[in-house]
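The values are calculated or read from the model by the stated rules, or taken from the named source; none is laboratory data. Because the structure is predicted, anything quoted here is derived from the model rather than measured. We place every Cβ from the backbone using ideal geometry, glycine too, and count neighbours over all the protein chains shown.
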Amino acid sequence: MRRARAFLENAEYLYSRDVFDIAVFNLEQAVQLLLKYRLLIVAGDYPRTHSVRRLFRLLLEYVRDSDLESFYLENINVVGDLESAYIAARYLPVEFEECEGR
């Protein structure tokens, strides 16, 4: 959880400095670690994956939380974009613009 918070704080700082590609990378890391933390709490383990979508779906199998499920379904495109942005920021020479974060 500590590392997830650190990645989130770093994402916010980088975003404020207009470093959007690394900010989105850090944001994805924060979400990924938070989901893995929750899975560790409820399931005792988590899969070795970087897929935020897969982590969300697996967590929903364990917690059966209608609010979390609604959040996921309402934001599934954002979750997919976050996952894609992580891959692009890590492996491709890509730059993001502020308007993409809205």
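Sub-8 Å Cβ pairs linking a first residue in the stretch 36-52 that is without any contact (Cβ under 8 Å) to a residue 40 or more places away in the chain to a second residue that is among the small types (Gly, Ala, Ser) and assigned to a helix (DSSP H, G or I), at least 6 apart or interchain, are Tyr37/Ala4, ordered by first then second residue.
Contact list please: Cβ distance under 9 Å, first residue in the stretch 79-102 and closer than 26 Å to Arg57 by Cβ, second residue modelled with pLDDT under 65 and in a loop (DSSP other than H, G, I, E, B), pairs at least six apart or on different chains. Cβ pairs passing all conditions: Ala85/Val94; Ala85/Phe96; Ala88/Val94; Ala88/Phe96; Ala89/Phe96. For the stretch 54-72, taking the residues that are surrounded by 15 or more Cβ atoms within 10 Å (Cβ to Cβ) and under 12 Å from the mean Cα position of the chain (by Cα), the one that is farthest from Arg5 (Cα to Cα) is identified as Tyr72.
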